[in-house]
Amino acid sequence: MSEFTWSELDQRAVDTARILAADAVEKVGNGHPGTAISLAPLAYLLYQKVMRHDPADPKWLGRDRFVLSIGHSSLTQYTQLYLAGFGLELDDLKALRTEGSLTPGHPEYGHTAGVEVTTGPLGAGIGNAVGFAMAARRERALLDPNTPLDQSSPFDRFVYAIAGDGCMQEGPAAEASSLAGAQKLGNLVLIYDDNRISIEGDTKIAFTEDVAARYAAYGWHVQTVDWTNGGTGYTENVRALFEAIEAAKAVTDKPSFIKLTTVIGWPLPTKAGHHSVHGAKLGGEEIAALKKELGFDPAVNFPDEADVLANARNQAAARAAAAKAEWTPAFEAWRAANPEQATLHDRLVTRAVPDLSAVLPVFAPGKKATRAASGEVLSAIAEAVPELWGGSADLAGSNNTTMKGQKSFLPPEQSSHDFVGDYTGRTIHFGIREHAMGNVLNGINTGLTRAYGGTFLVFADYMRGAVRLAALQKIPSIFVWTHDSVGVGEDGPTHQPIEHVASLRIMPGIDVIRPADANETAQAWALALAHADRPSALILSRQDLPIIDRDAAGVAPATDVAKGAYTLVDAAGELKVVIIATGSEVSVALEARDALQAEGIGTRVVSAPCLEWFDAQTAEYRAAVLPDGVAKVSVEAGVPSGWREYVGQLGEIVGIDHFGESAAGNVLFAKYGFTAENVAAHAKLALSRLG
Ligand SMILES: Cc1ncc(C[n+]2csc(CCOP(=O)(O)OP(=O)(O)O)c2C)c(N)n1
């Protein structure tokens, strides 16, 4: 156990952080001062006494990870990033929540050095932290396989997360915490700020369970530290908290939960404990009184005491130097002893994926569901992309997310009759927890490895918050969503996505890829992996689809998927009609083309697996694929939204603007108009408008 020290300068730094939080919110006129004030000792303790990190090298591989799941309390983190010297200065705190500042309302990944993940949607951070902790185990297993588990590795690290009452009430946090228990993530320490105040005041109006007991039931190691002494008086017992954290670190076979009971805004003279301090400025009088109480000059805003700052920054730098003095030789020794893994590591750091063209399967003409093709692709590329891992929210057999022959990622004793695993495994069992799966994936995909997660497309809604966070942060999570239309069939409207593809397309920053056949699916995987700067969605069919014969005369190669939309088969004779289709509807479009060509109507079929990629092509390319002056018809088994843009005012949209029903998929396809005859009829209608 490392020794606890707490000097007067440490205490002064904590009090400085409180005042900076109060002053920063007061200056901009809005923000969340309360929790930043009461949690300043916890945050300072983590940043200055507990966590391994280097403010001068915020991306240092050997660092611990920190997640502020209560993102609204961003000042809890910003004040520590300032004190420790991560690059934030007093002017940045003064610019809190203003345009272009490094101190936005909620911490933003990729924007402020030291912020490991964007938080704000409550509870999501817990999933990110679980992802960080899982990633640490897998990165170690992948890169340092020869060090026995009871010995330390340069890839070991701890993950610390701070949560509040809001996070503890949110479902995704419960999902992720339950998973962490099953995963026995001994490298995860979650500290719950039990202040029992949220925006509507006392949480007892909606939140009464014993949270610590719940975490114990999840299989976590649970401790409590009560700074309110059972409500009898407040003592900020930082040593007790430090000792609890040290005890948590010593438990390596369970994640650790520390319930820290606090009073929001303590030690504000009149407002501590009141919900008004959660998200509003405090007022000059209260802040002056706080400063007085803490021994600061009430007339001075943004106190700038050189000795306090120097002490904090020197302490952080000295701790970093000591940590690196230990870590760097260990890392170099690992590198020397593991040349193959070192080469892999050096590639993973660049996020480059090897050229997969030699290993991607080529599917001969026939029939195959794109979900099945996806599974075959995963198995085929597994060896070439060892950083890739993933799984499903209990639908692996349906989503085809398991790479053949790969073990499960599990504590060995959690192996089942069906799935055997350890921490070298590459198959993740997320359980039936879609939202947590998304947040876990986002945590993993900020690191060295790449992870995917699958469920039915209709349940993308259950995880949409996490998908949005991936897009917002440019994290390359890969979402595998199968059963992509009414083609699902008998399970009925609850399981038949209608609006989902369109609703995902309107989200900025994510590539929505709906391949037409097995070979487009192979290309889709290669491209999703190559795009390491954004998330991707693979939208796959449950039902078999014809595999387009790419060797037939006039059929474009599947590599054209990279263009987003491309002429799959051009018109014979003069071009009169363009049918643009995605996924399972491309084969319907090809049949409609046959019918139209038979009538002498020159028809082109455009396969459009990814409209985001198509939109990124030059205007000339787009106009060449979808020229003016010809009839255009779109065909997609989902809501018509979005297609007007591609077919124009005179074009036709074949879609579904109502929910589905329980019946065989092919019956519904016919009933809802996804037939060659109906598409051809719409083509003629569009053509007739051109006169
Ligand atoms: C998913 C989600 N729902 C709602 C909010 C809005 N919100 C922000 S803070 C907050 C209350 C949080 O209470 P608590 O976690 O106790 O934080 P504290 O009051 O202690 O700062 C709410 C409802 C949010 N940020 N995320």
Result of the Cβ filter at 6 Å on segment 155-169, keeping first residues that are within 11 Å of Ala129 (Cα to Cα) and partners that are basic (Lys, Arg), at least 6 apart or interchain, is Val159/Arg65
Given (1) part of a helix (DSSP H, G or I); (2) out of contact with any Asp or Glu (no Cβ under 6 Å at 6 or more places or on another chain), where does Pro354 come up short, assuming only one miss?
-> (1)
Looking at this structure, is Arg137 more than 14 Å from the ligand (Cβ to nearest atom), surrounded by fewer than 17 Cβ atoms within 10 Å (Cβ to Cβ) and assigned to a helix (DSSP H, G or I)?
-> no
Kindly indicate whether any position in segment 110-131 is away from the ligand (no atom under 16 Å from the Cβ), charged (D, E, K, R) and surrounded by 21 or more Cβ atoms within 10 Å (Cβ to Cβ).
-> yes
Checked pairs for segment 177-199, first outside the structural domain of Ala280 (by TED's automatic domain parsing) and at pLDDT 95 or above, second in a strand (DSSP E or B) and within 15 Å of the ligand (Cβ to nearest atom), C-beta under 7 Å and 6 or more apart or across chains, list as none
Find the residue count for segment 29-61, including only residues that are more than 16 Å from the ligand (Cβ to nearest atom) and more than 23 Å from Ala247 (Cβ to Cβ).
-> 9
For residues that are surrounded by 17 or more Cβ atoms within 10 Å (Cβ to Cβ) and either among the polar types (S, T, N, Q) or within 11 Å of the ligand (Cβ to nearest atom) (or both), scanning just segment 260-272, find the one that is farthest from Glu293 (Cα to Cα).
-> Thr261
Considering residues of segment 456-500 that are of a type in the set (Ser, Thr, Tyr) and under 20 Å from Thr582 (Cβ atoms) only, the residue nearest to the ligand (Cβ to nearest atom) = Thr482
Scanning segment 380-429 for residues that are closer than 20 Å to Asn445 by Cα, in contact (Cβ under 8 Å) with a residue 24 or more places away in the chain and hydroxyl-bearing (Ser, Thr, Tyr) gives Ser392, Thr401, Thr402, Tyr423, Thr424, Thr427
Of the candidates Asp144, Asp165, Asp193, the one satisfying the condition of being out of contact with any Cys (no Cβ under 8 Å at 6 or more places or on another chain), acidic (Asp, Glu) and under 30 Å from His345 (Cβ atoms) is Asp144
Just one listed residue, out of Glu293, Glu246, Glu285, Glu305, is without any contact (Cβ under 8 Å) to a residue 24 or more places away in the chain and of a type outside the set (Phe, Trp, Tyr), and it is Glu285
Exactly one of Leu538, Leu596, Leu590 is outside the structural domain of Glu645 (by TED's automatic domain parsing) and buried (at least 21 other Cβ atoms within 10 Å of the Cβ), and that one is Leu538
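Residues checked against (1) under 21 Å from Gly131 (Cβ atoms); (2) touching a strand residue (DSSP E or B) at 6+ places or on another chain (Cβ under 6 Å); (3) modelled with pLDDT under 95:
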| position | (1), (2), (3) |
| --- | --- |
| Thr427 | yes, yes, no |
| Gly431 | yes, no, no |
| Asn442 | yes, no, no |
| Gly447 | yes, no, no |
| Thr494 | no, no, no |
| Glu520 | no, no, no |
| Asp533 | yes, no, no |
Could you name every one of the strands (runs of 3 or more DSSP E) located completely within segment 530-607 that has at least 3 residues being closer than 30 Å to Asp491 by Cβ?
-> 536-539, 544-547, 577-581
Counting only residues that are of a type in the set (Lys, Arg) and touching a residue at least 12 places away in the same chain (Cβ under 8 Å), give me the strands (runs of 3 or more DSSP E) lying completely in segment 444-522 with at least 1 of them.
-> 450-456
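The values are calculated or read from the model by the stated rules, or taken from the named source; none is laboratory data. Just so it is clear, the model here is predicted, and its values are computed rather than measured. Heads up, the Cβs are rebuilt from the backbone with ideal geometry, glycines too, and the neighbour counts pull from every protein chain shown.
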